[in-house]
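Have a look at the structure below, then the notes.
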Amino acid sequence: MSCDYIALATPGVQTLKPYLTGKPIEELERELGIRNIVKLASNENPLGPGKLALHAARQALEQLHRYPDGAGFHLKAALSEKFNLRPEQITLGNGSNDLLELIGRAFLNRGDEVIFSQHAFAVYMLVTLGCSAKPVEVPAQLFGHDLAAMADAITERTRVIFIANPNNPTGTWFHKHALDAFLARVPEHVLVVLDEAYVEYVEEDGYPNGFDYLGRYSNLIVTRTFSKMYGLAGLRVGYAVANPQITNVLNRVRQPFNVNAPALAAAQAALNDVNYIEDSKSENTAGLVQITEGLTKLNLHAIPSVANFIAFDCGRPAQPIYEALLHEGVIVRPIGGYGMPNHLRVSIGLGEENERFLQAMQKVLA
């Protein structure tokens, strides 16, 4: 091969590494021949999809020969009714990751600066470098966002700031007072992307709802997903809410049919499946307590989390522990790529899955 195709890529892309997803169950089965595997790696809803969502998706399968509604009329209407929004504020995406990328494509030029926190979601860096923009990573405070320091980092080159509440992979969150003070310092021409992928799990006093800020801050974009609480990770549905001018820009770069028909139908049904949402919350709350207490008994420190996962310190390099857990049929997530080489992240599963993880941890640490 005489041509260096990597050299043909844009400068930012040349520096990237592919995003590593949680190891699939099927892959571990092939590699080690293990059955009865517990996957607690990708922050999925352990209850599986809700019955209402499944029914709606199955009905949509009858029309697979037709293109989906590219405007997502019915899902936007359902979101508008539930959250008191206007349809023209909403952009639908193939998961919220798709929307993060759309924001980068629409608003970032080479050399623009993008601010995000240390230990924040890896896609922020991917979006930034993919657009040949300059990443500005602000040191974390107790594994969470230091919003005051992030505001201090703003320069005349800053175009986008990504903040996550709660943050993935640490599970940390920031109070509404901190968000108020931060947004008041951000110039109107700098976009703030508030990533609320795990917002439905949070019940803390003082937790800010991003939608409440949209009327005051025209530069705010709030992104959410149906992949976590709503149990539709395999269908990939997310949405962004912003002022209509921003939405108009995002729709200029959005692919016409970026959300498929079964996904649109399932998301609309899942949105108001009250019983499923309550069951999911209850299961997660109990699981957070179960795993936190179990890790404490193993003398392992867990970062307090309000999401559907927990990051914990192994007290030594975590990769060998991760690999040992694979041999026990338990898949968790190493997060060395987030600057946390001694930590693992474990998703909250069903009670018996959480216990299986804790027993496997006890065994591999012995």
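Name every residue in the stretch 279-317 that is assigned to a helix (DSSP H, G or I), within 24 Å of residue 206 (Cα to Cα) and hydrophobic (A, V, I, L, M, F, W, C), in order of residue number. Step through it out loud before you land on a result.
We begin by selecting, within the stretch 279-317, every residue assigned to a helix (DSSP H, G or I); these are 279-297.
Next cut, within 24 Å of residue 206 (Cα to Cα) only: 279-289, 292.
Result: 286, 288, 289.
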- Message: Looking at the structure I just gave you, is residue 283 surrounded by 14 or more Cβ atoms within 10 Å (Cβ to Cβ) and farther than 23 Å from residue 174 by Cα?
- Response: yes
- Grab the strands (runs of 3 or more DSSP E) fully contained in the stretch 163-278, keeping just those with 2 or more residues being touching a strand residue (DSSP E or B) at 6+ places or on another chain (Cβ under 6 Å) and not aliphatic (A, V, I, L, M). 220-225, 238-241
- Scanning the stretch 49-96 residue by residue, those in contact with a strand residue (DSSP E or B) (Cβ under 6 Å, 6 or more places away or on another chain) and either at pLDDT below 95 or farther than 20 Å from residue 222 by Cβ (or both) turn out to be 95, 96
- Quick one: would you say residue 130 is at pLDDT below 95 and either assigned by TED's automatic domain parsing to the domain that holds residue 152 or among the aromatic types (Phe, Trp, Tyr) (or both)? yes
- May I ask you to verify whether residue 325 is in a strand (DSSP E or B) and either without any contact (Cβ under 8 Å) to a residue 40 or more places away in the chain or surrounded by 18 or more Cβ atoms within 10 Å (Cβ to Cβ) (or both)? no
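In a strand (DSSP E or B) and more than 19 Å from the chain's Cα centre (by Cα) - does that describe any residue in the stretch 116-128?
Within the stretch 116-128, none of the residues are in a strand (DSSP E or B) and more than 19 Å from the chain's Cα centre (by Cα).
Using the structure shown, decide if residue 113 is surrounded by 14 or more Cβ atoms within 10 Å (Cβ to Cβ), in the same structural domain as residue 260 (by TED's automatic domain parsing) and free of Cβ contacts under 8 Å to residues at least 40 places away in the same chain.
For residue 113, the condition - surrounded by 14 or more Cβ atoms within 10 Å (Cβ to Cβ), in the same structural domain as residue 260 (by TED's automatic domain parsing) and free of Cβ contacts under 8 Å to residues at least 40 places away in the same chain - is not met.
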- Query: Does residue 253 qualify as being in contact with a Lys or Arg (Cβ under 7 Å, 6 or more places away or on another chain), surrounded by fewer than 18 Cβ atoms within 10 Å (Cβ to Cβ) and either farther than 17 Å from residue 197 by Cα or among the basic types (Lys, Arg) (or both)?
  - Reply: yes
- Residue count, the stretch 141-162, condition free of Cβ contacts under 8 Å to residues at least 24 places away in the same chain and part of a loop (DSSP other than H, G, I, E, B), comes to 1
- Just a yes or no: is a residue in the stretch 126-137 hydrophobic (A, V, I, L, M, F, W, C) and free of Cβ contacts under 8 Å to residues at least 40 places away in the same chain? yes
- Item | Residue satisfying condition, being outside the structural domain of residue 122 (by TED's automatic domain parsing), among the charged types (D, E, K, R), closer than 30 Å to residue 355 by Cα and assigned to a helix (DSSP H, G or I), within set 35, 30, 58 | 30
- Would you point out the residue of the stretch 221-246, among those that are surrounded by 24 or more Cβ atoms within 10 Å (Cβ to Cβ) and of a type in the set (D, E, K, R), that is farthest from residue 49 (Cα to Cα)? 224
- Message: Just to be sure before I move on: is residue 320 assigned to a loop (DSSP other than H, G, I, E, B), assigned by TED's automatic domain parsing to the domain that holds residue 35 and either in contact with a Pro (Cβ under 8 Å, 6 or more places away or on another chain) or not hydroxyl-bearing (Ser, Thr, Tyr) (or both) in the structure I sent?
- Response: no
- Which of the residues spanning the stretch 300-316 are of a type in the set (Gly, Ala, Ser) and without any contact (Cβ under 8 Å) to a residue 40 or more places away in the chain? 302, 315
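The values are calculated or read from the model by the stated rules, or taken from the named source; none is laboratory data. Since the model is a prediction, treat every value here as computed from it, not as a measurement. Cβ: placed from backbone, ideal geometry, glycine included. Neighbour counts: every protein chain shown.
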